[in-house]
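Reviewing the structure listed below.
The values are calculated or read from the model by the stated rules, or taken from the named source; none is laboratory data. This one's a predicted model, so the numbers in the text were calculated from it and none came from an experiment. Every residue, glycine among them, receives a Cβ derived from its backbone with ideal geometry; neighbour counts consider all protein chains shown.
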Amino acid sequence: MASETPKAQAFHGTFIHTLSSKQLEILTETFILLSPTGTIQAIHPSTPTTSISDLLAGYHYSESTCTVTILQPTEFFIPGFIDTHTHAPQWAQRGTGRGIDLLTWLETITFRHEARLADLEYAKSLYASCVRGGLKQGMTTACYYGSRHAPASVILAETCLNLGQRALIGKCNMTRHAPDWYRDASVEDSLRETEDFIAQVRKLDPTHGLVTPVITPRFAICCEEELLAGLGAVADRNRDLPIQTHFNESRGEVDFTRSLFPNDKTETELYERLGLLNDRSILAHSIYLSDTEIERMAELQCGIAHCPIPNVTMDEFMVAPVREYLRRDIKVGLGTDCGGGYSSSMLDVMKAAFVVSTARCTMTQGHDQPLSLTEGFYMATLGGARVCGLQEKVGNFLVGKEFDALLVRTQEEGVMAPVQEEDGEPTVFEKFLMTGDDRNIGRVFVKGREVHTAR
């Protein structure tokens, strides 16, 4: 059966988004028109519903050629959440391994879970569950680490395409400091499999409409210098592709990396020397950078995936200098880091980011002020889009951008703080961010296509 031809869509109601890390905009009584391909064609704030027919006619539509939805007073739209760091193979291990250090956690829990992705039927089942779970929680974009298996990572790309999630996906490169049964056979094999993976994902989605391959050295500990240099060369040949890696994730990881690469003073120096640090780099965690490294991050326009939940629930309370990153306009987004992070909810990650930033304020004797609600929401949406190189496509509601959005319903059955008669839009919005959950996410759109509907 032929698929139904997409229609234009229009929505009227309240839209909440950020224009910067400091500027939250609440658009009430607003008409937004989408083209049949899901691009925002027009935005008309402060527009009565009686004007909708005339507005449609002005764009050569009618209510028979454009689906019109008028939001209830208890509903509003926000941009879709963007998870800048997550591990699809670890979906089934979430919640396990608290209180142990990173390297032990990898060796005793994570590698054996990821090794199961050699079974492609298991990969299909696990990845379908992961992507559906993300969409249910409003994750319209995810920056995924796959396993070391290229075929399974292609299945993840196919799954995202089929279910409609926007995704950056990497096949993990790792040739040492992992069990024999969970590492690439050689540097040559690792590079060849990476280039094959990139070619296959490009074939699936040649224009990066939804899915983009990512060059993914797991971290320097797992990669010989020859492999990192080879991936730097791959990155140079594929300048439209992002690069992602774990970076300054724990004291143990930093010290171990320094012992393996004694000629490089810092991880920043190491990755830059090997061609893996630039404006396409997505650096997960970034906790222990020196002032010199932070300055270099800003100069190179690197992106940082801040993962507050796993950073404070392993064996040490680790706090990234996010206020300093924002102060220098370094690109910062939020990451669930599933399954190092026990929660796959961006609402939980935002709340953790607020808590951790308050701890940072105490640690710095007030120098690094806590994150505001606007800053946390920005990092979950537009900030994450900047990190992923998608800021021209998504992250907020502007004409020409694609409509990745969540319809929030504040009176659903659940535990969100009740909305009271005197509550204005800012109060209702704060109640959703701080007390709402996926039960309040009624509809999820990616490129204008509805990819999840709450039942």
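The table below gives the values:
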read-out	value
Filtered residue count, the stretch 134-149, keeping only those that are out of contact with any Ser or Thr (no Cβ under 6 Å at 6 or more places or on another chain) and closer than 22 Å to ARG409 by Cβ	7
Single residue of LEU407, LEU371 found to be crowded, with 20+ Cβ neighbours inside 10 Å, under 19 Å from GLY134 (Cα atoms) and over 16 Å from the mean Cα position of the chain (by Cα)	LEU407
Residue within the stretch 391-411 that is over 25 Å from ALA10 (Cβ atoms) and in contact with a Ser or Thr (Cβ under 9 Å, 6 or more places away or on another chain) present	no
Residue within the stretch 258-267 that is within 27 Å of PRO79 (Cβ to Cβ), out of contact with any strand residue (DSSP E or B) (no Cβ under 6 Å at 6 or more places or on another chain) and either among the polar types (S, T, N, Q) or touching a residue at least 40 places away in the same chain (Cβ under 8 Å) (or both) present	no
Complete set of residues in the stretch 239-259 that are under 30 Å from LYS393 (Cα atoms) and either outside the structural domain of ILE169 (by TED's automatic domain parsing) or crowded, with 19+ Cβ neighbours inside 10 Å (or both)	LEU241, PRO242, ILE243, GLN244, THR245, HIS246, PHE247, ASN248, GLU249
Any hit, the stretch 154-161, residues being closer than 23 Å to MET346 by Cα, out of contact with any strand residue (DSSP E or B) (no Cβ under 6 Å at 6 or more places or on another chain), without any contact (Cβ under 8 Å) to a residue 60 or more places away in the chain and not basic (Lys, Arg)	yes
Residue match in the stretch 50-60 (condition: within 24 Å of GLY389 (Cα to Cα) and of a type outside the set (Val, Ile, Thr))	no
Verdict on GLY38 being at positive phi, surrounded by 14 or more Cβ atoms within 10 Å (Cβ to Cβ) and of a type in the set (Gly, Ala, Ser)	yes
Spans of helices (runs of 4 or more DSSP H) in the stretch 63-169 with at least 1 residues aromatic (Phe, Trp, Tyr) and buried (at least 17 other Cβ atoms within 10 Å of the Cβ)	102-105, 111-115, 120-136
The lone exception for GLU295 - which of (1) buried (at least 18 other Cβ atoms within 10 Å of the Cβ); (2) modelled with pLDDT of 95 or more it fails	(1)
Residue within the stretch 9-17 that is modelled with pLDDT of 95 or more and in contact with a Lys or Arg (Cβ under 7 Å, 6 or more places away or on another chain) present	no
The stretch 313-348, residues that are of a type in the set (Val, Ile, Thr), over 14 Å from the mean Cα position of the chain (by Cα) and under 12 Å from MET297 (Cβ atoms)	ILE330
Matching residues, the stretch 204-234, being within 23 Å of the chain's Cα centre (by Cα), surrounded by fewer than 18 Cβ atoms within 10 Å (Cβ to Cβ) and assigned to a helix (DSSP H, G or I)	LEU204
Residues (surrounded by fewer than 24 Cβ atoms within 10 Å (Cβ to Cβ), of a type in the set (A, V, I, L, M) and in a loop (DSSP other than H, G, I, E, B)) located in the stretch 298-329	VAL312, MET314, MET318, VAL319
